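Input: a single structure, listed below in structure tokens.
The values are calculated or read from the model by the stated rules, or taken from the named source; none is laboratory data. Computed from a predicted model, the values in this text were never measured in an experiment. Glycine gets a Cβ as well: all are built from the backbone with ideal geometry, and neighbour counts include every protein chain shown.
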Amino acid sequence: MVTLNDYLMASGLLFAIGFAGVLLRRNVIIIFMALELMLNAANLSLIGFSRFNVQNGLPDYNAQVLVFFVITVAAAEVTVGLAIIVALFRARQTTHVEDISTLKF
Amino acid sequence: MNFSPWIVLFSPFAAVIITALVTQKLRKLSSYISVAAVAISFIFSLAIFFGPDGSEGFNWIDLGTFRIEIGYLINDLTKLMLLVVAGVGFLIHVYSIGYMGEDRGRARYFSGLSLFMFSMLGIVLANNFIMMFIFWELVGVSSYILIGHWFDRDAPPAAGNKAFLANRIGDFGFMLGILLIWSASGTVTFEQLAQRWPALGPSPGFMTGAALLVFCGAIGKSAQFPLHVWLPDAMEGPTPVSALIHAATMVAAGVFMLARTFFLFQSSPMALTLILWIGLITSLLAALMATQQDDIKRVLAYSTLSQLGLMVAAMGLSNPQAGIFHLFTHASFKALLFLGAGSVIHRLHHEQNIWRMGGLQKKMPITFWTFLVGTLALIACPPFAGFWSKDEILASAGANIPAFLAIAIVTFLTAFYMSRLFVVAFLGHPRSDHASHAHESPLVMTAPLVILSIAACIAGFPFIASAFIKLPELEGSPIGSMVISIIAFLAGATSGFYLYKGKDKDPIDVPLFEYRFYIDEFYNSLIKWTQDLLANVSGFVDRWIIDGGMVRGLSGITWGFGFALRFLQIGNLQAYAFLFGAGVVLLLYYILFGTK
């Protein structure tokens, strides 16, 4: 039997992996992917809570709707983020974070 | 309703408005308007003199219990002062037409003179302290304007400033005194105060304090020690101004004020003693200083100081009538002396040093004889005016031996320095080119001299004086004081005459007197020291507390924080993310486990 705790554990694990990726990887694109991982970890916990918060025999669909919104907004955010990375690469010819440590070029 | 006091008061004011705003370019017309205004004032003053006493006022400011009136109070004192101020004022206006004839600032001069007449008549007529104080200040302003009339030179504006500042010191005390009196009695009107004050009796200390603060005003305006320093410097103004303001009227305002508010002092023997001795000290010091001055106007200025000291001393001897009597006679002969000096100065092309005059008897006979009359009146030669009034003060000193002696010494010194002045300036042989080519002044200047010399001859006779002033009956025989007075006068006059007769330079040299006891130097160094001290203290505060502590301290703190925080801004994205994550973890830890 899969319980809420299992989902939350999986979600926390995903979040930790994502955070570790953000902290440790050098390539901005990989960091970006790790960020998406953290986002989806949050989504997973939301879905978990929704599935196990049963009222009148039905799960709480509000959370699931919220997840769809998050996915939509995340898609939009990814386009903006990737555009910034492309612009950054054009300016600096690099996607490594340690090369991008100043505000002014 | 009685209109004459208002006409007396406002006719010079109308002249100020017209001459200052309309006819400033027309010099002759301005002077005639000004003279006409003071003539109107004089005629209505005569009408008031023969009219009834009275008092009238209307509300100017009415704030519940605090009421200020604009009004007049007419009694014997007012009548006499009106005659003195308007009469002497009229003569000096006429004289000024001649004296200031070629002056470029003639219109401005006459505006100032009219403003002075307006303010002085306001003081005389005022029926309450506040109105008196307003006109008191106006008198100060017009005096300042007139002393600094020749503003393109260095000395007159400086003298004007000095006069104004010295007066401000006294007026500050005067204002405090008025406020104290108002707070204690709830009224500033003289008539109501005279009724309420004796019955009020808060505490003797309070009453003495209030009275002495009011006396401060008189110290400033009547140039008593220690604020006397402004009067000799005020001689930088045109000579008719010196005669009108700094001899006959304005400086007498302090004495007049003391007489007007004498009920304040009556109940306080300590205040009276202090007033007596301030008057006597002023009188003695000024008489000593006068013996060594070489400038004809300065000798007269110190003599004015000395006589004012006597008037104040008369107040201190509880005989205000004697002080006012002396004020009255002094106004006539001192104005005469100043105008005579002005006539000499004018004819000698603004030469004021008596050692460069001499031999004027034949060349300027009217000036010579009228000046002689003025001198005799001032040095208390019987039967001229000064003898009677000075004797009245001497007699009221009576049993007070130190005061009696001091007044006798002043009488001796007055006779000494005035005969010195007269002998050196008028007799002997001419000691400069200008003096040998001098000739008499025009009629417009000599006529006032003649009129004033008649007044100086006869004003003192008891049967004439009694028409103007009611002198109190004094205890004891008047013969004793008269004998002393005549002995002092004879000793002074003969020693002065024989010591200086035919001399070309001063046979006596007392630097202490010549340099006026170094009081000016003392004040200057005092002001310099306090100023330096103040400058150093405020410099220290500015440099170390405001600049160092507040401005640089604040900027230093901000800079320090910025410097410290700069080490966090390393620019590494992942370090920021780590710090952010660590912060979230800490926050979570605190929320979940911290509150136990």
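When you check B:F540 against the structure, is it over 60 Å from the mean Cα position of the chain (by Cα), away from every other protein chain (no Cβ under 14 Å) and assigned to a helix (DSSP H, G or I), yes or no?
Answer is no for this residue.
A:A10 versus (1) away from chain B (no Cβ under 14 Å); (2) under 24 Å from B:L579 (Cβ atoms); (3) surrounded by 15 or more Cβ atoms within 10 Å (Cβ to Cβ): which is the lone unmet condition? It is condition (2) that A:A10 fails. Being of a type in the set (A, V, I, L, M), in contact (Cβ under 8 Å) with a residue 60 or more places away in the chain and surrounded by fewer than 24 Cβ atoms within 10 Å (Cβ to Cβ) holds for only one residue in B:L280, B:L274, B:L308, and it is B:L274. Scanning the stretch B:37-63 for residues that are farther than 29 Å from B:Q192 by Cβ, without any contact (Cβ under 8 Å) to a residue 60 or more places away in the chain and surrounded by 21 or more Cβ atoms within 10 Å (Cβ to Cβ) yields a single hit, B:F42. B:I245 falls short on exactly one of the conditions (1) surrounded by 18 or more Cβ atoms within 10 Å (Cβ to Cβ); (2) over 19 Å from B:G316 (Cα atoms); (3) modelled with pLDDT of 85 or more, and that condition is (3). Among the residues of the stretch B:101-110, those that are outside any helix (DSSP H, G or I) and either modelled with pLDDT of 90 or more or of a type outside the set (D, E) (or both) comprise B:G101, B:R104, B:G105. Restricted to the stretch A:50-105, and to residues that are within 15 Å of the chain's Cα centre (by Cα) and among the β-branched types (V, I, T), which residue is farthest from the other protein chains (Cβ to nearest Cβ)? Out of the qualifying residues, it is A:T72. Reported count of residues in the stretch B:141-158, each being touching a residue at least 24 places away in the same chain (Cβ under 8 Å), in a helix (DSSP H, G or I) and touching a Gly at 6+ places or on another chain (Cβ under 7 Å), is 5. Listed by first and then second residue, the pairs linking a residue in the stretch B:23-36 that is under 13 Å from B:G101 (Cβ atoms) to a residue that is of a type in the set (D, E) and at pLDDT below 85, with Cβ atoms under 9 Å apart and 6 or more places separating them unless they lie on different chains, are B:R27/B:D103.
Please determine whether any residue of the stretch B:222-232 is within 27 Å of B:M131 (Cβ to Cβ), in a helix (DSSP H, G or I) and in contact (Cβ under 8 Å) with a residue 40 or more places away in the chain. Taking every residue of the stretch B:222-232 in turn, at least one turns out to be within 27 Å of B:M131 (Cβ to Cβ), in a helix (DSSP H, G or I) and in contact (Cβ under 8 Å) with a residue 40 or more places away in the chain. Is it the case that some residue within the stretch B:111-124 is in contact with a Gly (Cβ under 7 Å, 6 or more places away or on another chain) and either part of a helix (DSSP H, G or I) or within 23 Å of B:L227 (Cβ to Cβ) (or both)? Yes: the stretch B:111-124 contains one or more residues that are in contact with a Gly (Cβ under 7 Å, 6 or more places away or on another chain) and either part of a helix (DSSP H, G or I) or within 23 Å of B:L227 (Cβ to Cβ) (or both). Among all positions in the stretch A:54-69, there is no residue which is hydroxyl-bearing (S, T, Y), surrounded by 15 or more Cβ atoms within 10 Å (Cβ to Cβ) and over 18 Å from B:G581 (Cα atoms). The numbered conditions (1) away from chain A (no Cβ under 14 Å); (2) modelled with pLDDT under 90; (3) surrounded by 12 or more Cβ atoms within 10 Å (Cβ to Cβ) are all true for B:L512 except (3). Out of curiosity, is B:F333 farther than 19 Å from B:P442 by Cβ, aromatic (F, W, Y) and buried (at least 24 other Cβ atoms within 10 Å of the Cβ)? Yes; evaluated as a whole, the condition is true for this residue. Of all residue pairs spaced 6 or more apart or on separate chains, those with beta-carbon atoms under 6 Å, a first member in the stretch B:566-579 that is at the interface with chain A (Cβ under 7 Å from one of its Cβ atoms) and a second member that is loosely packed, with under 13 Cβ neighbours inside 10 Å are B:G571/A:S101; B:G571/A:T102; B:N572/A:S101.
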